[in-house]
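The values are calculated or read from the model by the stated rules, or taken from the named source; none is laboratory data. Keep in mind that what you see is a predicted model, and the values were worked out from it rather than measured. For neighbour counting, all protein chains shown are included, and Cβ atoms are generated from backbone atoms with ideal geometry for every residue, glycine included. The area values use the complete protein model at the heavy-atom level, side chains included, leaving out ligands, DNA and RNA. Shrake-Rupley method; radii C 1.70, N 1.55, O 1.52, S 1.80 Å.
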Amino acid sequence: MPVAPAAGGAGMVLGGGTAAAAAAAAGGADDAVVMQLAAAEGEESCITVNCPDEAGLGCDLCHTILEFGLRITRGDVSTDGHWCFVVFWVVPRTPPIKIRWASLKNRLMAMCPSAYSIPFYSDISQPGPLQYYLLKLLSPDRKGLLHDATRILSDLELIIHRVKVCTTPDGKVVDLFFITDGMELLHTKERQEETCSTLTATLGPSISCEILPAEGFQQGFSSLPPKIAEELFRVELADSEIYSSSLSAELKKMQTATINFDNTLSPAHTLLQIICADQKGLIYDILRMLKDCKIQVFYGRFRSDKKVNKGLREVDLFVKQVDGKKIIDPEKQDVLRSRLRSEMLHPLRVMIVNRGPDIELLVANPVELSGKGRPHVFYDATLALKTLGICIFSAEIGRQAASERQWEVYRFLLDDSKEFPLTNSVSNRNRVVDRVRKTLMGCCN
């Protein structure tokens, strides 16, 4: 049974008391972000954020943690509306990747609201307008090349916003990455040299690399045929897809969730209780949806049920509407329940279609109202294709408006090889879709 927050609106932190009291006891600004790293591989690291609150901060923290290749295994969130106290336990995704913990801490510190614009933090710049760069990469073609380049950029904290990939008749690949730098140093010669030298050292000396400012960069727009767009962006999964034989047992398990609203436990908050299958990015998806719907979380606890229902995640959130009222209207509850179910069970859309004589893989995810896309989608999709041994002939990232929202759309033209034929093989197509979905959802990456 979850413990209700105090009626006055203050959330409860670990061990009791208000978030503001915990912040004062923690020692002030020096403890804004504290990390306790795991003692051994496979164990959890702990990230504590103790700072002034602002709308959507929890979602933004989860976005950055996901961007660094970490999974949130459990967490506690508390706020009194002015000060928040957040604890996340995290592990690197599998297989283990290099985590730049110091850089992650700096990024999280920079996200803390303006109360930290004081001498203690004079070396931490507040985020300004994004500076986009064009990274040109020319290299001989080979299987897995696009993912290998993406992995290097991810390790260097370079965020891909758009990509155009094409193969030339002489067997070379031209990769154009439109990127931003999480460290905000790509304008310096040293950072550009570090990027190109790392790419050359890893991919081989036969590649050429060039980085230029992308003046006037605009996010590209995708334009899918109406029939394909309707199927890709539909609000609810059809029963035929949920129970389709093409879905693996792991993915079928993810297609169920229990979502309840309880207004009896707290006089000031609505308790939102969720039980669903665990998956990568789950906490981010929940908080992203609540942020976009202007639902405020005052206290939250996320945990995995390892004893009774292994693999399930239990989420308890005490929430209010933006006007400070509880969520009592049954119709509003139904709308939120439907939206949550869609965001949790179907956060990423994957399908294979014919594009003239070619085979195209489509991956789509909703974009936050703030304009942020989901981290690591391109990384995971290219990893899945590399694992299957499928060559990518070309790739594009764009955005498309559908179902009253914006979507980020990833389009991959796939090589139809003798080793892995796709044109006339439904089973191979299903295998690609299943593998990409499983990798995106964290079943096999």
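Here is how the numbers come out for the structure above:
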read-out	value
Residue within region 398-415 that is hydroxyl-bearing (S, T, Y) and open to solvent by 20 Å² or more (accessible area, probe 1.4 Å) present	yes
Number of positions in region 146-172 that are at pLDDT below 90 and more than 17 Å from the chain's Cα centre (by Cα)	10
Region 76-114, subset in contact (Cβ under 8 Å) with a residue 40 or more places away in the chain and small (G, A, S), residue most open to solvent (accessible area, probe 1.4 Å)	S114
Those residues of region 200-217 which are open to solvent by less than 60 Å² (accessible area, probe 1.4 Å) and among the small types (G, A, S), in sequence order	G204, S208, A214
Inter-residue pairs, beta-carbon under 9 Å, first free of Cβ contacts under 8 Å to residues at least 60 places away in the same chain and open to solvent by less than 10 Å² (accessible area, probe 1.4 Å) and in region 179-199, second in a helix (DSSP H, G or I) and among the hydroxyl-bearing types (S, T, Y), 6+ apart	L186/T195
Test: residue in region 379-397 that is among the aromatic types (F, W, Y), touching a His at 6+ places or on another chain (Cβ under 9 Å) and farther than 19 Å from E231 by Cα	yes
Matching option when the condition is crowded, with 19+ Cβ neighbours inside 10 Å and in the same structural domain as I286 (by the TED database), among V319, V377	V319
Single unsatisfied condition, F420 versus (1) without any contact (Cβ under 8 Å) to a residue 40 or more places away in the chain; (2) open to solvent by 50 Å² or more (accessible area, probe 1.4 Å); (3) on the phi < 0 side of the Ramachandran plot; (4) of a type outside the set (S, T, Y)	(2)
Test: residue in region 3-18 that is outside any loop (DSSP other than H, G, I, E, B), of a type in the set (V, I, T), modelled with pLDDT of 65 or more and within 30 Å of N260 (Cα to Cα)	no
The lone exception for L134 - which of (1) assigned to a loop (DSSP other than H, G, I, E, B); (2) at pLDDT 95 or above; (3) surrounded by fewer than 20 Cβ atoms within 10 Å (Cβ to Cβ) it fails	(1)
